[in-house]
Structure formats: C-alpha cells, structure tokens
C-alpha cells in the first residue's frame with residue numbers, strides 16, 4: 001500500500017496548513033484521520049509526518065482558524081481530540097485557495113512540457 | 001490553559017494517534033507486538049513532535065534555556081577546580097576593567113557638573129615653531145591679562161589648581177582645610193553662584209584688596225553648623241582675618257577637593273612672572289568653538305614677544321582651546337587608556353583560554369552531544385547549549401567581579417590618591433556595571449563560540465587548540481614588553497642617585513603660612529634658633545633648613561645672567577632654594593668650587609648664591625662660574641660664590657619626572673619676601689641622625705614646642721618616601737601592568753601546558769609503540785614538546801606587529817630607556833622561553849613513566 005520513497009513528493013513550505021484546512025472542510029476530524037485523509041487523497045504522494053502535523057494543527061489553533069474538542073471516537077472506547085474549522089478558518093481557506101490557484105496557473109504558464 | 005496542561009494534552013493526543021495506528025495495523029492482521037512497533041516506527045519520534053509543537057506556543061525557547069541553564073550549572077558544579085579557575089580569571093579581569101572604566105567615564109565622558117558644560121573650555125598656551133608645537137597648560141600673569149582684556153566672545157576666568165592645606169581658625173576652634181585660590185570670575189564662568197552671599201569682587205581679587213573667603217557647604221556645616229548667619233562672619237586663615245562673603249551650594253566641586261576659596265589676586269609680578277595660573281573660559285551664547293578660536297588667535301598676536309629658547313628656536317605662543325574636561329584630565333588620559341588596554345588584553349587572553357579549556361573538555365562530551373543530536377536535538381539547540389555552558393562559567397566570574405570592582409577602585413585610589421584626585425567622583429555605578437556586564441558577555445561569547453561551532457560542525461577534524469595558544473601568546477607579548485619598558489623606566493628613575501646622601505636623613509615640614517611669619521626677620525630667627533637647638537639634641541649629626549629638598553618639586557625662578565641688564569637678554573628658568581649655611585653639608589651635596597653659604601652672609605652683606613653644576617652647564621656654558629653675577633627676579637645682582645654638585649628634582653614639565661635641574665641656593669638671610677613662597681611650600685627641616693625615626697621625631701617635636709608652641713611639625717618623611725611620591729605615577733603603572741602581564745603570562749603558560757598535555761594523552765598509544773620499537777626517551781619527550789613550542793613561538797611572532805601599537809600608547813610614559821630597549825626585549829624573550837619551555841616540558845615528562853609494554857597491551 002505504501003509508495004516507495006522516491007515517488008513521494010516533499011510538501012512545499014506552508015502548504016500543509018492549507019491541506020489541513022481543506023480536509024477539515026468536510027467536518028471535524030482528529031489528527032490521525034487528517035494525516036490518513038491527506039495521504040489517501042494525494043494517492044500516497046504526501047506522507048504527513050507527525051513532527052510536522054502537530055505543529056501545524058497547533059499553529060492553526062493559535063491563529064483561531066480551528067477549534068478543538070475531545071470526544072469519543074466512533075466505535076472505539078477511546079477519547080480523541082477533534083479539530084473543527086471555524087468561520088475565520090473557512091475564510092482563510094478561501095483566501096489561500098485563491099492564491100494557490102493563481103500560483104498554479106502562473107507556474108503552469110512558465111513551465112511548458114519539456 | 002497552563003503549559004503543563006497543554007503538554008499533557010498533547011501527549012494524550014499523540015498516544016491516541018499511535019494507538020489508532022496500531023489498531024489499524026492489527027486489523028490488517030499483524031500480530032499485536034509487531035503492530036505496535038510498526039506504528040511507533042511510522043510515527044517517528046514523539047519527543048520531536050512534542051518539541052516542535054511546543055515551540056509553536058512560544059514557551060519552549062525560554063523553557064529550554066532555563067532547563068539547560070540548570071544543566072550548565074550542574075556541570076559547573078561537577079568540576080569545581082575548572083570552574084574556579086575560569087571564575088577567578090574572569091572576575092579579576094572584569095573587576096579591574098569595571099574599576100578602570102569608572103575612572104575613564106569621569107575623565108572622558110561624564111559631563112562636568114556645571115550648567116551647559118559644552119560651553120566651558122580650558123585655555124592652554126601652545127608654543128609653535130616650524131612644524132612643531134608644545135602645549136603648556138599654565139599661563140603667566142601677562143598672558144592672562146592679555147586674554148582678559150581682549151576677549152569679547154568668551155568670559156574668561158583664572159585660577160590656580162594648586163591647593164594648599166592651611167590652618168583655619170573660627171572662634172576658639174581650629175580646622176585644617178584645603179584652600180584654592182581663584183579669580184573673581186571663577187564661579188560665574190563655571191555657572192555656579194554661591195548659595196548664600198556672593199562671589200568675589202574685582203576689588204577683592206586685586207593686590208591689597210580686602211580679605212574675602214567663600215566656603216564650601218561642607219565646611220560651613222563643620223564650622224557654623226546650621227546657623228544661617230554665615231555671610232559676614234570672620235575666619236582666621238594663616239593667622240589673618242578673612243570675611244566670609246559667600247557659601248557655595250552643596251556638591252559644588254572645582255575639580256579637586258576644596259574646603260574654601262580665596263581670591264587669586266593675579267598679577268604680572270611675583271607669582272605672575274612665571275607660568276602659575278590656569279585659565280578657562282565660557283563661550284558666550286551663540287559663539288562656537290571655531291569662532292572663539294579665531295578671536296583667540298587674533299588676541300595671541302598681542303601677547304608679549306616670545307623669547308628664543310636655549311637652542312635659539314623662537315616658539316610663538318598661541319592661546320589654545322580644549323574642552324574643559326579634557327584640559328583638566330589631560331595628564332590622566334593616557335595612563336588610564338594604557339591600563340584599560342592592558343586589562344582588556346588580559347580579559348581577551350582569559351576568554352581565549354577558557355575557550356581552549358572548554359574545547360578540550362568538549363572531546364569528552366562528544367558522545368553525549370552526538371546522542372542528543374541523534375535523538376532529534378537541532379543543531380541550533382546544541383550550539384545554544386554549548387554556548388550557554390561557557391556563558392554560565394564566565395557569568396560566575398562576572399558576578400564575583402562586582403565586589404572586586406569596588407575593591408579595585410579603592411585600591412587604585414589608594415595607590416595614587418593624587419593622580420586620581422581629579423576623578424574622585426568616579427564610582428561603580430550603573431554605567432560601569434553595564435560595561436562590566438558587556439565585558440562578561442563578550443568574554444562568554446568569545447570563549448564559547450568555538451566549542452559551540454565545533455559541537456555542531458559536520459567536519460570531524462578537531463579545531464587546532466594550538467591556534468588558541470598562539471593567539472594568547474600574540475596578545476601577551478605587548479603586555480610583557482610594555483610592563484618591561486615601564487619597569488625599566490621606573491628602575492632607571494628610582495636608581496637616580498640624586499646627588500646627595502639620602503641615608504639617615506629625616507625631613508620634617510612646617511607650615512609657615514602664618515601672618516606671624518610674614519616678616520623676614522621672624523623666619524630667619526626661627527631657622528637660626530631651631531637649628532641650634534636641633535643640633536643640640538644628642539645623636540643628631542647635622543641639621544639644616546631650606547625651602548625644599550632634592551627629589552621634590554622646587555620653586556621656579558626666572559634668572560638672568562650678568563650684573564647689568566643688556567638689551568635683548570633672555571630670561572631663563574631655574575629652581576630657587578633658600579637655605580641655611582648647613583644645608584649643603586647636611587644633605588652631603590658636594591661643593592665643587594668656591595665656598596658654600598656661610599653665617600657671614602647676612603641681609604646687609606653682598607647678595608650671594610651657590611649654583612649647581614647643572615645651572616653652570618645650562619646657563620654659563622660650563623665656564624668657571626665663581627665670581628659671575630646673576631639676577632634672580634629682581635634687579636639686584638647676586639654673586640655666585642660656589643658651585644655644588646647637581647641634584648635630581650621633580651620635573652613637572654614634559655620629560656622625565658625626575659631629572660637633574662639647575663638650582664640656585666641663596667642664604668635664607670638674604671631672602672626678602674617669604675609670604676608668597678610659603679603659600680606654595682612648607683619649608684623643610686633636614687636632620688641627619690642614626691636615631692630611630694620615631695625617637696627622633698619625638699625629640700624634634702619637643703624642640704619645636706619650646707621654639708613656638710603654635711607651630712607644629714606636620715609630617716616626617718625620608719628622601720626615599722619623597723622619591724616614591726615623585727615617581728608615584730610610574731610606580732602605579734609598573735605595578736599594575738606588572739600584575740596584569742603576569743596574569744596574562746600565567747594564562748598563556750596554562751594554555752601551552754594544556755596543549756602539550758592533551759596531545760600527549762591522545763598519542764600515548766602511538767608513543768608507546770615508538771618506544772617499544774626503540775625510540776629514546778629524550779627523543780620522544782622532545783617530540784611531545786614540539787606542538788607547545790611551535791605554536792607558542794608562532795604566536796609570539798604574530799604578536800610583533802602589536803608591539804608597534806603598544807609603542808604609540810607608551811610614548812611619553814617611558815623615560816630614560818628606548819622603546820626598542822634591547823635589554824627589555826631580551827628579558828621578555830628569556831621569560832617567554834623559560835615559561836613556554838617549562839609549560840611544554842612538564843606534561844611531556846609524564847612519558848618517562850610510560851611503560852611501553854602496558855601501553856601496547858591496552
């Protein structure tokens with residue numbers, strides 16, 4: 001199921017925050033699920049390391065873009081910490097998405113197929 | 001949410017995450033143990049994740065610094081010897097630096113405690129001749145009057161820096177006070193007016209003007225207590241009544257510690273014939289220094305025509321402005337900078353040394369640091385921690401430096417109270433302590449930067465410790481040479497014989513600043529009777545009296561050669577000593593030609609003088625002087641009846657502080673006016689005796705009691721003590737620089753020792769093999785010493801350019817010895833060779849105990 005390391009892509013600086021916000025758009029999620037979701041939707045291109053995930057989550061929390069709550073995990077007898085997108089987090093997501101689209105378009109114009 | 005809560009929560013969150021991961025793997029069919037391990041593997045370091053997340057919240061950096069500080073302190077405690085060495089070195093260097101900075105602060109930076117101090121300036125006379133200039137900080141009466149009468153852009157004031165201790169009587173009480181004489185405008189120019197009463201009027205500041213006095217606030221309290229009616233009260237100064245006209249505000253200082261001020265009464269005659277006045281100005285509002293300089297240059301042209309010097313050069317006088325602070329402290333600035341440079345050099349050597357010690361210790365911590373990095377500590381963290389280690393060590397020294405700084409400042413004052421009198425408001429205040437702190441931080445940084453860099457560098461090759469040793473050697477070289485040159489200067493001056501026999505001499509001073517001794521006849525009788533009685537004391541071999549004795553400062557006197565004035569004749573400057581006939585004999589100053597002063601020379605007989613050999617050489621071209629005439633100040637010719645050997649005197653001008661100077665001795669019976677000279681000098685009773693000084697001084701005191709119970713002998717000194725005082729500055733510099741360079745050398749020796757010891761320790765196996773294969777013990781030792789010797793010598797070579805820097809600093813402070821004195825350089829080279837040789841040899845000698853068999857087996 002894992003891709004070999006050489007097919008993985010390094011996350012660009014700052015993009016992890018955007019990916020996390022995007023993931024949370026579909027509803028509250030805990031850290032493990034966020035990591036898995038990003039990995040799955042990127043078809044295993046990104047491996048989200050915990051050393052970067054948790055700093056990113058706490059960074060978003062400090063900015064006020066996400067809030068947290070502890071809750072039972074479905075079907076498990078275990079409490080996990082859920083992250084929820086706040087209204088300002090949604091605004092932030094829209095803003096970075098616009099920027100991202102512009103960036104991709106701009107880079108696409110420069111980068112012609114070789 | 002507290003930090004602890006957040007940490008706990010984060011740990012819980014991570015644990016939950018890991019368990020979920022393990023659950024999933026379990027569901028995929030892995031056995032529980034394998035699942036847990038796989039989960040942990042894919043998870044990475046939880047510590048790292050926590051660490052990074054914590055950093056997000058900003059607490060971490062401070063937190064980790066505090067934690068590492070605890071570790072650093074624990075490490076410092078674990079090696080007490082090492083810590084103590086570092087602390088003592090840093091404490092000494094930082095403490096002395098702080099104390100010297102406190103002095104420098106006052107001498108260079110702190111504004112003078114007067115309103116608008118920027119407008120105050122000191123007036124010097126600059127004497128200029130083709131391309132050369134010499135600055136003299138004193139004015140003659142004529143120069144002062146030229147300035148006073150012509151200046152429009154500045155308000156000038158004149159004063160005398162010479163203070164005198166005088167007896168002050170108030171009612172039935174007597175006080176010993178310091179008196180300074182100042183011109184009428186002195187207080188106005190400084191911008192501080194009396195708190196009560198007024199300052200002096202022009203009338204009071206002129207000859208035969210009313211006797212007025214202004215008191216300091218502290219003297220007012222001592223004499224009159226809190227009574228407000230001080231102005232108009234009478235005081236007795238030197239037995240003469242003075243009226244108090246004003247009291248200065250508390251805290252007012254006129255440069256030196258003064259209790260009361262009296263009018264200077266500047267004149268172009270007497271005192272004013274010589275350069276005896278200091279002058280300062282206050283720029284009028286809106287006038288720039290440049291504008292005032294222009295005017296002063298114009299005024300300078302009105303100065304009395306310059307006299308050609310001995311070699312015929314004409315030095316044109318010109319008024320020169322200096323900021324008042326600079327002018328007042330000009331004599332101090334160079335020695336202070338020299339001391340600061342020396343102590344900073346020692347601090348730098350100490351810091352490099354500590355760096356070397358830390359670097360050597362680092363090799364023992366390599367495993368620990370590697371583990372920490374492997375566990376996820378970032379390079380920045382490790383760098384920071386190692387630097388912190390050095391900072392902690394140095395900071396312990398810095399803390400110890402604070403009490404030391406207070407002690408050092410007191411010590412410096414005690415070593416030379418006169419020299420630092422001008423800066424006695426210096427204190428270890430916030431500014432000085434900040435400088436100490438900056439020095440400490442700087443030293444910690446210098447000491448820690450290399451070990452820190454070494455700990456994170458990917459290069460595994462160790463930084464060559466030898467380079468540090470070389471650096472220290474380069475720095476210590478100018479220190480040693482400087483101390484050597486100052487030491488030679490001091491010894492050269494100290495060994496000046498003086499031209500008399502200083503053994504078994506006691507000199508007692510007596511202040512004759514007393515109205516009862518204004519009349520010449522009274523002074524003569526006092527000396528005549530006093531000497532007869534002292535000579536009658538059993539055990540006294542000889543007794544004399546005179547204005548001054550050799551080794552100390554003498555009375556300056558203008559002199560002209562020839563019985564009659566000749567147009568265009570030149571004034572020369574000699575020293576004048578009035579003396580009783582027994583003076584030369586008691587001091588054992590040899591008489592070279594003619595006769596000495598005699599009892600038969602009285603006020604009614606022909607005026608005579610004995611001049612010394614230096615006088616003859618300088619003013620009479622060395623010809624037979626006996627029978628020649630000179631004129632001393634007045635018009636009356638004085639016949640030279642004898643020539644004595646030269647004596648060494650304190651020289652207050654440029655040049656060495658102790659030099660053979662021209663002197664004219666005249667009989668005390670032919671001295672006509674004592675009042676002026678007795679303001680400056682307390683005459684000396686000179687007694688030659690083999691008695692214990694304590695016994696003798698008691699005898700002399702009882703003699704004086706019978707002579708005049710109102711007079712008391714102030715202090716008993718010996719010629720050696722006088723010489724010591726005259727050479728006080730040299731002694732201070734040489735002792736401080738000696739201590740500092742010794743400290744620096746000790747540090748270097750430690751560095752060399754450590755270098756050789758560590759290289760021996762590293763190569764024990766290799767050396768063991770060599771010895772087993774037949775290498776000789778001396779050969780092996782020689783080889784082991786090599787890095788120490790080589791690096792040390794490289795350092796010394798690198799230090800040679802620094803000597804040029806040192807030479808400019810030392811210029812003007814070394815006398816009687818060349819700046820490239822071969823003996824000094826030879827001694828320094830010898831000391832360095834012996835020190836470096838011993839420091840290299842000692843650790844190498846451990847190899848003689850090396851058993852090749854044991855080494856090989858290990």
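Would you point out which residue out of B:543, B:470, B:483 is buried (at least 23 other Cβ atoms within 10 Å of the Cβ), in contact (Cβ under 8 Å) with a residue 60 or more places away in the chain and not in a helix (DSSP H, G or I)?
The match here is B:543.
Among the residues of region A:38-77, what is the count of those that are facing chain B (nearest Cβ under 8 Å), surrounded by 13 or more Cβ atoms within 10 Å (Cβ to Cβ) and either modelled with pLDDT of 90 or more or more than 14 Å from residue A:16 (Cα to Cα) (or both)?
Looking only at that region, the number is 1.
Kindly list the number of the only condition in (1) at pLDDT below 75; (2) in a helix (DSSP H, G or I); (3) surrounded by fewer than 16 Cβ atoms within 10 Å (Cβ to Cβ) that fails for residue B:54.
Checking residue B:54 against (1) at pLDDT below 75; (2) in a helix (DSSP H, G or I); (3) surrounded by fewer than 16 Cβ atoms within 10 Å (Cβ to Cβ), the one that fails is (3).
Of the numbered conditions (1) in contact with a strand residue (DSSP E or B) (Cβ under 9 Å, 6 or more places away or on another chain); (2) surrounded by fewer than 20 Cβ atoms within 10 Å (Cβ to Cβ), residue B:520 fails exactly one; give the number of that condition.
Going through the list (1) in contact with a strand residue (DSSP E or B) (Cβ under 9 Å, 6 or more places away or on another chain); (2) surrounded by fewer than 20 Cβ atoms within 10 Å (Cβ to Cβ), residue B:520 breaks only (1).
Tell me yes or no: at least one residue of region B:79-92 is at pLDDT below 85, on the phi > 0 side of the Ramachandran plot and outside any helix (DSSP H, G or I).
The answer is no, given that none of the residues of region B:79-92 is at pLDDT below 85, on the phi > 0 side of the Ramachandran plot and outside any helix (DSSP H, G or I).
Any residue in region B:548-570 that is in contact (Cβ under 8 Å) with a residue 60 or more places away in the chain sitting within a Cβ distance under 8 Å of a residue that is exposed (fewer than 13 other Cβ atoms within 10 Å of the Cβ) and outside any loop (DSSP other than H, G, I, E, B)? List the pairs, counting only those 6 or more apart or interchain.
B:570/B:308
Any residue at all in region A:82-91 that's within 13 Å of chain B (Cβ to nearest Cβ) and either touching a residue at least 24 places away in the same chain (Cβ under 8 Å) or within 14 Å of residue A:29 (Cβ to Cβ) (or both)?
Yes, because at least one residue in region A:82-91 is within 13 Å of chain B (Cβ to nearest Cβ) and either touching a residue at least 24 places away in the same chain (Cβ under 8 Å) or within 14 Å of residue A:29 (Cβ to Cβ) (or both).
Can you name every residue in region B:686-727 that is part of a strand (DSSP E or B) and surrounded by 15 or more Cβ atoms within 10 Å (Cβ to Cβ)?
Within region B:686-727, B:686, B:687, B:688, B:689, B:713, B:716, B:717 qualify.
In the list B:625, B:648, B:656, B:613, which residue meets the criterion of being at pLDDT below 90 and either farther than 30 Å from residue B:125 by Cβ or touching a strand residue (DSSP E or B) at 6+ places or on another chain (Cβ under 9 Å) (or both)?
Every option except B:625 fails the conditions.
Only one residue in B:432, B:438 is modelled with pLDDT of 85 or more and in contact with a helix residue (DSSP H, G or I) (Cβ under 9 Å, 6 or more places away or on another chain), so which one is that?
B:432
Here is a list of conditions, (1) modelled with pLDDT under 90; (2) touching a strand residue (DSSP E or B) at 6+ places or on another chain (Cβ under 9 Å); (3) in a loop (DSSP other than H, G, I, E, B), and residue B:512 meets all of them except one; can you say which number that is?
The number of the failed condition is (2).
The rows are residues; the columns are (1) more than 30 Å from residue B:572 (Cβ to Cβ); (2) at pLDDT 85 or above.
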| position | (1), (2) |
| --- | --- |
| B:271 | no, no |
| B:285 | yes, yes |
| B:294 | yes, yes |
| B:310 | no, no |
| B:364 | yes, no |
| B:373 | yes, no |
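Please go through region B:18-49 and pick out each residue that is in a helix (DSSP H, G or I) and at the interface with chain A (Cβ under 8 Å from one of its Cβ atoms).
Of everything in region B:18-49, those that are in a helix (DSSP H, G or I) and at the interface with chain A (Cβ under 8 Å from one of its Cβ atoms) turn out to be B:19, B:20, B:21, B:23, B:43, B:46, B:48, B:49.
Given (1) modelled with pLDDT of 80 or more; (2) more than 32 Å from the chain's Cα centre (by Cα), where does residue B:60 come up short, assuming only one miss?
(1)
Does residue B:503 qualify as being part of a loop (DSSP other than H, G, I, E, B) and either in contact with a strand residue (DSSP E or B) (Cβ under 8 Å, 6 or more places away or on another chain) or farther than 23 Å from residue B:609 by Cβ (or both)?
Here the answer is yes, as residue B:503 does meet what is asked.
Every residue in region B:1-11 that is within 9 Å of another protein chain (Cβ to nearest Cβ) and more than 17 Å from residue A:34 (Cα to Cα), please.
B:6, B:9 - these are the residues of region B:1-11 that are within 9 Å of another protein chain (Cβ to nearest Cβ) and more than 17 Å from residue A:34 (Cα to Cα).
Within region A:22-37, take every residue that is outside any loop (DSSP other than H, G, I, E, B) and more than 11 Å from chain B (Cβ to nearest Cβ) and give me the one that is farthest from residue B:10 (Cα to Cα).
Restricting to residues being outside any loop (DSSP other than H, G, I, E, B) and more than 11 Å from chain B (Cβ to nearest Cβ), the top hit is A:22.
Tell me whether region B:288-302 contains one or more residues that are within 30 Å of residue B:474 (Cβ to Cβ), surrounded by fewer than 21 Cβ atoms within 10 Å (Cβ to Cβ) and touching a residue at least 24 places away in the same chain (Cβ under 8 Å).
No - not one qualifying residue is present in region B:288-302.
For region A:57-78, name all the residues that are within 17 Å of residue B:11 (Cα to Cα) and touching a helix residue (DSSP H, G or I) at 6+ places or on another chain (Cβ under 7 Å).
Passing the criteria: A:57, A:58, A:59, A:68, A:78.
The values are calculated or read from the model by the stated rules, or taken from the named source; none is laboratory data. Everything quoted here is computed from the prediction, not taken from an experiment. Please note: Cβ atoms are built from the backbone with ideal geometry, for glycine as well, and neighbour counts cover all protein chains shown.
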